[in-house]
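The values are calculated or read from the model by the stated rules, or taken from the named source; none is laboratory data. Please read all numbers here as calculations on a predicted model, not as lab measurements. Every residue, glycine among them, receives a Cβ derived from its backbone with ideal geometry; neighbour counts consider all protein chains shown.
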Amino acid sequence: MAEVADPARGGAGRRRDGPDPAGDLTAGTPAAPTPNPREIPMVTTGTGTEVLRDDGTAGAEVPSTAALWDASVRLGVPLGVPPVPLRPAAPGMRCTGPLRRVRHTQGVVSIFEGLDAAVAGEVLLIDNDGRTDEACVGDLVAIEARLAGVAGLLVWGCHRDTDELAEIGLPVFSLGPCPASPRQRPRDEAPPAGTPPFEARDGDTVVADADGVLTVPAAARQGVLATAGGIVRAERIQADLALRGISLRDQLGWEQYLARRREDPGYTFRSHLARVNGALE
């Protein structure tokens, strides 16, 4: 079955029986072969082995969102979290890169204009005002974004073509699936009542994985990353020792903490962890 782009449907594919429509439009000329999404060269999509470069794009190893959050708490640096969790369209999706917001005011036209302006390695935030009664990203948009070199798509709204997105592999994080295509509406229409905005600034670093999505302010990126890396290393050592039978309480000096707290009721476990160079949040 052939796949036809339908801009009114936010770029999601529709299927029909019959010959490839490209052949109908190029009489006498062989239709160009349709690339298999799995054969399109990938840019960084996040496999858990990237690091952030100075510009915020991924390079080798990026700590998990959980480690980044713990680092932000330790440093007192606030990170951005969507007011409603964004979830990956398929298991294993992960992406990292500088954020670029695209307001979904003209359907797929808005997305294509955003791709025109995007720099390879960026993560596009498709902002559909948190609508959950329509999808604004589908398989064809994901393929186009992948060809443009973006690292992933955050959708402040819904996606569709979930099975195809899993095959294509470009990380897509959204409020969930919805089969409905976008409706045409006035450009100045107010967002749905009660839907909070996703507060994030262009250039902030996005990290998205199975636990959700965080945005790291560009100015704090290096400090948060370095601290998170230390937390990850400490937790790996602790986990290895625990699997060998040495409990976390023994590793972290639980009895010493209790003794100190009896003398000083204001002594917190977080302070104790910092003193013993432990990691447990």
Limited to region 231-246, what total is found for residues that are touching a Leu at 6+ places or on another chain (Cβ under 9 Å) and more than 15 Å from residue 70 (Cβ to Cβ)?
-> 2
Could you run through region 88-133 and say how many residues are assigned to a loop (DSSP other than H, G, I, E, B), at pLDDT 95 or above and charged (D, E, K, R)?
-> 2
Condition broken by residue 204, with the remaining ones in (1) out of contact with any Lys or Arg (no Cβ under 9 Å at 6 or more places or on another chain); (2) within 25 Å of residue 94 (Cβ to Cβ) satisfied | (1)
Consider only pairs whose beta carbons are under 9 Å apart and that are at least six residues apart or on different chains; among these, list those whose first residue lies in region 98-109 and is free of Cβ contacts under 8 Å to residues at least 60 places away in the same chain and whose second residue is outside any strand (DSSP E or B) and among the hydroxyl-bearing types (Ser, Thr, Tyr).
-> 102/110; 103/110
Residue count for region 237-281, restricted to those that are assigned to a helix (DSSP H, G or I) and under 30 Å from residue 204 (Cα atoms) = 4
Out of curiosity, is residue 234 modelled with pLDDT under 90 and not in a strand (DSSP E or B)?
-> yes
